[in-house]
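S.K.: Could you have a look at this structure, given as structure tokens, before my questions?
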Amino acid sequence: MAASSKDGAVVVKIPTVPRPRAEYIAAEKRRSEQSRAKSASQASGGSSSAAAPPSRFFCEWAFICWALPLSALGGFVLYLVAIPLLAAAGLFALPALCFAYLYISHFMPLHDWAEKIPVLAIKYFNFERSLWPQPRFEAMSSSRTSVSVLLGERYQLQPRRVLDKCNVDYSIPASRGRVVALPLLSDAEYVNLRALRLGVWKGLGTAMVEATLSLMRQMPDTSLAPGGYLRRYGDAIRFGEGESAVDFAMAVLGDSYPTFPDEWADRTSDEALTRMCLHGLGPHRLERTERGYVVKTNALASFDVAEGFERYGGDVHLDEQFRPVRIVRLEKSEGGRGGLVEVEYLPGCEGWEYVKFCFRCSLFTLVTIVDHLYGVHLQWANGMVVACREQLGADHPVRRFLTPYYFGTIQVNHIARHLLIAQGSLGARNFAFSDEGLRAAWQAVPEVMVDGAELRGELGDAELLRLLFDVPEYCARREGELGLRLPYYEQAEAYWRVMHRMVADYFDLWFPTPEEAAADAELRCWLEALVGELVHTAPLLPALRGFGQAELRAFAIDAVTRCVFEVTAHHEHYGGVAVYAQDVRFCSFAWPVGERCGTKITAVTQATLMAATSFPMPPLLNRKPGLDAFSLASFLRAPSDEAMPRLEEACRRFEEGTLSLVRRCDEFVAQADRRPAPWNHGLWSFNPRYFEASVSV
């Protein structure tokens, strides 16, 4: 058998043939005799240059004298130490597992395990945080693309690239016919907001978080069973007369519940309903009518709810003095076969107090799902981080400016996907919707958004696009529609102007002329990506591409400012609902038909939701220990050393402006009692004192 080698020579390959057994034995015998002869020759001095190897007898003797005793001693130590340790571990492990099972079984005994685990996890994390060393942020490192952060870890600004994403449950609609997709946790620039280092720990931490959160979705869900908790436990989960819902919830989660500045001594009167509409959750949804004003929630009435629970909905009509004059609900006709019909309730009539409660709960749910979860988290925060990470390099000035404002957004939205949005999650268990009703509600969310989205079809594309990113212009339009200037919009505009000036000063350093801004390809790509990510602005992309250079630069400043405004001010207004969630007699995500109080199950689950979504993020202004250096100035760079004084002056003006606004908002609260009704209440939504720099859950 022949074959050619690389150099052209012919190599003959001879196949091997097994030898007979007798021949094999004879060959082995010859080799053994030769080996003995060679060993004898070396032992007799046949080789003077090489040292004689130890004899086989000596090796065997050494093995017997040393190796065997050592092995026996090791085995004895193993027997004396390891086996008792293993036995002790087994003896301790079995009781520990039994204790854990019994404790969890008797802890919150009426709840599913998927509702117990988050509570225990929250308590564990709070305890663990108490053991951490004092967090501190170091100064910027020599690298222009990183900053030292918590516990000496490094916040590494990752290179620009397309992020891996996954779709959320319920096929929630996004822009351009797509569904909402969130970046994977593995793409976060910092893995868990505190102590895990990048590298192998990032992958391990990602896998552990993913496994823990996914586990909840696979556990039994009593709320989806026929009749749910109401049929299973009946009166055992209802509050008795005089029983405090707040005390009940705080007995479980009081040590983990978030703090809040506003107080509601009066929660159920008609005056409290007016406060809810003007100073609470409702001012951004206030509309003008021929006879006064209205705040609507009947958009939720058509979605099915679980057995035994009341439907959402109720439109509160106010007169010119903002007194409630009627509530209109969409309710099922008699027999339930004729669809929904309008039913009007007047002050003092039978059912008036009940429909007020229904409205408060419906507004609470509407703002949570539409404005907070969808609007801030899934639209603005997600759109900002995706556009920044995919279109801007790590050293781009806009990327560096926005880094504190999307800090932790990928992690937070990942947790929100599992904890609030997914089927069987804590969020889904809180709401009264059936699974089909919740799916339908998510599909309808874009149609009930406000803050400029309600103006689609009324304005031209370019005008609407500018309005959606220009808060003062939108506030002026709202003032014209309502015929008055609400404190809500007055403070919103004041905060906008402070932030807008900071952004404009920053652009003056990096893009001093419209030509320079228009020539920056990454900036243009970022604007198009951001506009394309938002469900109501994606159809307006042609208008953006038609902007001139000066208009493009002005729009870029507005776009950066609006992103910051959403994740700070609007997130505080829409997401700072701890005062409402604490008391299911005040506001409840779900309540039995005809009852003015949520169940004990809802009291705990919605308090859990608040505690689980209130882990601290870097503050916008407060000098908290360890967090004071994680500020805007830590990430900003000037284009040259000569321009640094201008940047420092811009940061100084920004801090002065925010402190001035803090004093103004504090004064507004302090003087509430001196103002006539219905303006005699405080407002905390736009006080930078309470802002976090980026979205928490």
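The values are calculated or read from the model by the stated rules, or taken from the named source; none is laboratory data. This structure is a prediction, so every number in the text was calculated from the model and none was measured. Quick reminder, even Gly has a Cβ in these numbers, built from the backbone with ideal geometry, and neighbours come from all protein chains shown.
S.K.: Restricting attention to the range 282-310, which residues are farther than 18 Å from L486 by Cα and outside any loop (DSSP other than H, G, I, E, B)?
M.R.: N298, A299, L300, V305, F309
S.K.: Sticking with this one: For the range 189-207, does any single residue satisfy the condition of being modelled with pLDDT of 70 or more and of a type in the set (D, E, K, R)? Give the steps one after another, and end with the answer.
M.R.: Filtering the range 189-207 for residues modelled with pLDDT of 70 or more gives 189.
From what is left, the residues that are of a type in the set (D, E, K, R) are 189.
Yes, the range 189-207 contains a residue that is modelled with pLDDT of 70 or more and of a type in the set (D, E, K, R).
S.K.: Let me ask something else. Given (1) modelled with pLDDT under 95; (2) in contact with a helix residue (DSSP H, G or I) (Cβ under 6 Å, 6 or more places away or on another chain); (3) small (G, A, S), identify the lone condition not met by A529.
M.R.: Condition not satisfied by A529: (1).
S.K.: So is C361 out of contact with any strand residue (DSSP E or B) (no Cβ under 7 Å at 6 or more places or on another chain), in a loop (DSSP other than H, G, I, E, B), at pLDDT 95 or above and not basic (K, R) or not? If you could, list the steps in order and put the result at the bottom.
M.R.: On the way: out of contact with any strand residue (DSSP E or B) (no Cβ under 7 Å at 6 or more places or on another chain): yes; in a loop (DSSP other than H, G, I, E, B): no; at pLDDT 95 or above: yes; not basic (K, R): yes.
When the stated conditions are applied, C361 does not pass them.
S.K.: Among the listed residues S634, S614, identify the single one that is small (G, A, S), closer than 29 Å to V503 by Cβ, in contact with a strand residue (DSSP E or B) (Cβ under 8 Å, 6 or more places away or on another chain) and at pLDDT below 95. Don't jump to the end; show me each part of the working.
M.R.: Working: S614 fails: in contact with a strand residue (DSSP E or B) (Cβ under 8 Å, 6 or more places away or on another chain).
Sole residue among the options that is small (G, A, S), closer than 29 Å to V503 by Cβ, in contact with a strand residue (DSSP E or B) (Cβ under 8 Å, 6 or more places away or on another chain) and at pLDDT below 95: S634.
S.K.: Taking the options A550, A556, A543, A529, name whichever one is touching a Pro at 6+ places or on another chain (Cβ under 7 Å) and either of a type in the set (K, R) or in a helix (DSSP H, G or I) (or both). Write out each step before concluding.
M.R.: Details: A556 fails: touching a Pro at 6+ places or on another chain (Cβ under 7 Å); A543 fails: touching a Pro at 6+ places or on another chain (Cβ under 7 Å); A529 fails: touching a Pro at 6+ places or on another chain (Cβ under 7 Å).
Going through A550, A556, A543, A529 in turn, just one is touching a Pro at 6+ places or on another chain (Cβ under 7 Å) and either of a type in the set (K, R) or in a helix (DSSP H, G or I) (or both): A550.
S.K.: Kindly establish whether V662 is modelled with pLDDT of 95 or more and of a type in the set (A, V, I, L, M, F, W, C).
M.R.: Working: modelled with pLDDT of 95 or more: no; of a type in the set (A, V, I, L, M, F, W, C): yes.
No; evaluated as a whole, the condition is false for this residue.
S.K.: Pull out all pairs, ordered by first then second residue, where Cβ-Cβ is under 8 Å, the residues are six or more apart or on different chains, the first lies in the range 430-452 and is under 23 Å from Y488 (Cα atoms), and the second is of a type in the set (D, E).
M.R.: M449/D371; V450/D371; D451/D371
S.K.: Any residue at all in the range 585-600 that is modelled with pLDDT of 95 or more and aliphatic (A, V, I, L, M)?
M.R.: yes
S.K.: Take the conditions under 19 Å from the mean Cα position of the chain (by Cα) and of a type in the set (F, W, Y) and apply them to Y354. Does it pass? Quick ask: steps written out before the conclusion?
M.R.: Values: under 19 Å from the mean Cα position of the chain (by Cα): no; of a type in the set (F, W, Y): yes.
Here the answer is no, as Y354 does not meet what is asked.
Quick grid of which residues meet (1) out of contact with any strand residue (DSSP E or B) (no Cβ under 9 Å at 6 or more places or on another chain); (2) surrounded by fewer than 22 Cβ atoms within 10 Å (Cβ to Cβ); (3) part of a strand (DSSP E or B):
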{"position": "T268", "(1), (2), (3)": "yes, yes, no"}
{"position": "M276", "(1), (2), (3)": "no, no, no"}
{"position": "G280", "(1), (2), (3)": "yes, no, no"}
{"position": "Y312", "(1), (2), (3)": "no, no, no"}
{"position": "E331", "(1), (2), (3)": "no, yes, yes"}
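S.K.: Sticking with this structure for a sec: If the requirement is being in a loop (DSSP other than H, G, I, E, B) and small (G, A, S), which of these qualifies: G424, G437?
M.R.: Numbers: G437 fails: in a loop (DSSP other than H, G, I, E, B).
Checking each option against the conditions leaves just G424.
S.K.: If you take the residues in the range 92-117 that are part of a helix (DSSP H, G or I) and modelled with pLDDT of 80 or more, which one is surrounded by the fewest Cβ atoms within 10 Å (Cβ to Cβ)? Can you show your working first?
M.R.: Initially, the range 92-117 is screened for residues part of a helix (DSSP H, G or I), giving 92-106, 113-117.
Next cut, modelled with pLDDT of 80 or more only: 115-116.
Details: E115: 22, K116: 19.
Looking at the filtered set, the residue picked out is K116.
S.K.: When you look at V445, is it within 30 Å of S425 (Cα to Cα) and in contact with a Lys or Arg (Cβ under 9 Å, 6 or more places away or on another chain), yes or no?
M.R.: On the way: within 30 Å of S425 (Cα to Cα): yes; in contact with a Lys or Arg (Cβ under 9 Å, 6 or more places away or on another chain): no.
No, not satisfied.
Matching residues to (1) surrounded by fewer than 18 Cβ atoms within 10 Å (Cβ to Cβ); (2) not charged (D, E, K, R):
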{"position": "P514", "(1), (2)": "yes, yes"}
{"position": "E528", "(1), (2)": "yes, no"}
{"position": "L534", "(1), (2)": "no, yes"}
{"position": "T537", "(1), (2)": "no, yes"}
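S.K.: Considering only the range 667-697, state which residues are within 28 Å of L318 (Cβ to Cβ) and in a helix (DSSP H, G or I). Outline the logic, then answer.
M.R.: Quick first cut of the range 667-697, residues within 28 Å of L318 (Cβ to Cβ) only: 667-687, 690.
Correct list: E667, F668, V669, A670, A672, D673, R674, Y690.
S.K.: Among the numbered criteria (1) out of contact with any helix residue (DSSP H, G or I) (no Cβ under 6 Å at 6 or more places or on another chain); (2) of a type in the set (V, I, T); (3) modelled with pLDDT under 95, which single criterion is violated by T274?
M.R.: (3)
S.K.: Still on this structure, please answer the following. Within the range 445-486, which residues are in contact with a strand residue (DSSP E or B) (Cβ under 9 Å, 6 or more places away or on another chain) and surrounded by 15 or more Cβ atoms within 10 Å (Cβ to Cβ)?
M.R.: Within the range 445-486, V445, P446, R478, L482, L486 qualify.
S.K.: Do you know which residues across the range 303-323 are under 15 Å from Y345 (Cβ atoms) and not charged (D, E, K, R)? Working first, answer last.
M.R.: Of all residues in the range 303-323, those under 15 Å from Y345 (Cβ atoms) come to 310-311, 313-318, 323.
Residues satisfying the conditions are G313, G314, V316, H317, L318.
S.K.: Here are some residues: T568, T561. Which one is of a type outside the set (K, R), in a helix (DSSP H, G or I) and in contact with a His (Cβ under 8 Å, 6 or more places away or on another chain)?
M.R.: Details: T568 fails: in contact with a His (Cβ under 8 Å, 6 or more places away or on another chain).
Residue meeting the stated conditions: T561.
S.K.: In addition: Among the residues of the range 390-412, count how many are in a helix (DSSP H, G or I) and not charged (D, E, K, R).
M.R.: Going residue by residue through the range 390-412, those that are in a helix (DSSP H, G or I) are 390-391, 397-405, 409-412.
Filter once more, keeping what is not charged (D, E, K, R): 391, 397-398, 401-405, 409-412.
Result for the range 390-412: 12.
S.K.: Quick one: which of L482, L467 is touching a residue at least 60 places away in the same chain (Cβ under 8 Å) and among the aliphatic types (A, V, I, L, M)?
M.R.: Working: L467 fails: touching a residue at least 60 places away in the same chain (Cβ under 8 Å).
Testing whether each residue is touching a residue at least 60 places away in the same chain (Cβ under 8 Å) and among the aliphatic types (A, V, I, L, M) leaves just L482.
S.K.: Follow-up. Could you identify the single residue in V584, V535 that is assigned to a loop (DSSP other than H, G, I, E, B), over 24 Å from R161 (Cβ atoms) and under 20 Å from the mean Cα position of the chain (by Cα)?
M.R.: Working: V584 fails: under 20 Å from the mean Cα position of the chain (by Cα).
That would be V535, the only listed residue that is assigned to a loop (DSSP other than H, G, I, E, B), over 24 Å from R161 (Cβ atoms) and under 20 Å from the mean Cα position of the chain (by Cα).
S.K.: Mind listing whichever residues of the range 218-259 are farther than 24 Å from E310 by Cβ and modelled with pLDDT of 90 or more?
M.R.: Initial filter on the range 218-259 (farther than 24 Å from E310 by Cβ): 218-220, 247, 250-259.
Of everything in the range 218-259, those that are farther than 24 Å from E310 by Cβ and modelled with pLDDT of 90 or more turn out to be D247, M250, A251, V252, Y257.
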